[in-house]
Amino acid sequence: MLTDITIGQFFPGSSLLHRLDPRTKIILLFFFILGIFVFDTPASYALLSAFTIVLIQVSKVPFRMMLKSLKPLWWILLFTFLIHLCSTPGESFLHVWLFDLTYAGFKQGFFVCLRLILLILLSSLLTFTTSPLALTDALETLMGPLKRFGLPAHELAMMMTIALRFVPTLIEETDKIMKAQQSRGSDFTTGNLLKRLKSLIPILVPLFISAFRRADELAMAMEARCYRGGIGRTQMKALKVQAIDYVAYGASVIFAAALLGLKLTGV
């Protein structure tokens, strides 16, 4: 299960999505997420789903990697679907114990789960096609105007990117600790809830120690390289908006117009 978590992973490549400016990807991701909540007709969801599949194909990220990003959350999707299926009023098609399963609940649960799936896939595409360094520079640039209000844009962008970058590392470390403890006879799958919680202590203690050690090593490495925050810092590779970014903006505007047309016609 731990190895199926893909948050923070970067898949190197030379696809169109990889070549887009990271600021363009973040801005378009924000508007696509907004569109998922605003355009809620069946035809709109079908168009959004098709567009997401096209983006995955264009990115050349293996589809199995995209599915792995959904695997750890399948129980949340199932729980969300069941909650809507059993609690939404309407015409019932089946009675199970105390609950009436309705057509309206099935429809609403399906579309809510589809909305969550699209959110996860689009967010995963951002991290899969953007290196942590490029993501840091993009976030810092986008938050730059807030510096005049005292917001430490560089420090915030650095912290978010470091946290995102170390998610796969900590997951790998947790997996190694669990295997080491299991080889010594530890059991994490049997017993009641209290026993299972107690069995996590041999995992959490070395994991926290390892995390603090890595944080200390990172801080020492940054100090050894004379890191002093964002004051006076320049970029070795400055971000530049290219023609492909304007094409992406234009295609997004056309796509948004199509969604708006479907919304207005009620399809």
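The values are calculated or read from the model by the stated rules, or taken from the named source; none is laboratory data. Fair warning: this is a prediction, and the values are worked out from it, not measured in the lab. Neighbour counts run over all protein chains shown; Cβ positions are idealised from the backbone, glycine included. In case anyone asks, the SASA skips ligands and DNA or RNA and just uses the protein heavy atoms, side chains included. Shrake-Rupley method; radii C 1.70, N 1.55, O 1.52, S 1.80 Å.
Of note:
- Residue ranges of helices (runs of 4 or more DSSP H) in region 1-96 with at least 2 members of a type in the set (D, E, K, R), surrounded by 13 or more Cβ atoms within 10 Å (Cβ to Cβ) and modelled with pLDDT of 90 or more: 22-38
- Within region 6-25, residues that are small (G, A, S) have Cβ atoms under 7 Å from residues that are part of a helix (DSSP H, G or I) and at pLDDT below 90 in these pairs: G8/T127; G8/L164; G8/R165; G8/V167; G8/P168, counting only partners at least 6 apart in sequence or on another chain.
- Of all residues in region 150-200 being more than 30 Å from T129 (Cα to Cα), part of a helix (DSSP H, G or I) and hydrophobic (A, V, I, L, M, F, W, C), the one that is most open to solvent (accessible area, probe 1.4 Å): L193
- Qualifying position, being farther than 29 Å from F81 by Cα and charged (D, E, K, R), among K179, K107: K179
- Index of the failed condition, R115 passing every other in (1) farther than 30 Å from I162 by Cα; (2) open to solvent by less than 70 Å² (accessible area, probe 1.4 Å); (3) of a type in the set (K, R): (1)
- For region 230-252, the criterion of being among the acidic types (D, E), open to solvent by 70 Å² or more (accessible area, probe 1.4 Å) and within 29 Å of the chain's Cα centre (by Cα) is met by no residue.
- Filter pass, L122 being among the aliphatic types (A, V, I, L, M), within 22 Å of T52 (Cα to Cα) and buried (at least 17 other Cβ atoms within 10 Å of the Cβ): yes
- Boolean, P89 is touching a residue at least 12 places away in the same chain (Cβ under 8 Å) and either within 20 Å of L122 (Cα to Cα) or of a type in the set (A, V, I, L, M, F, W, C) (or both): no
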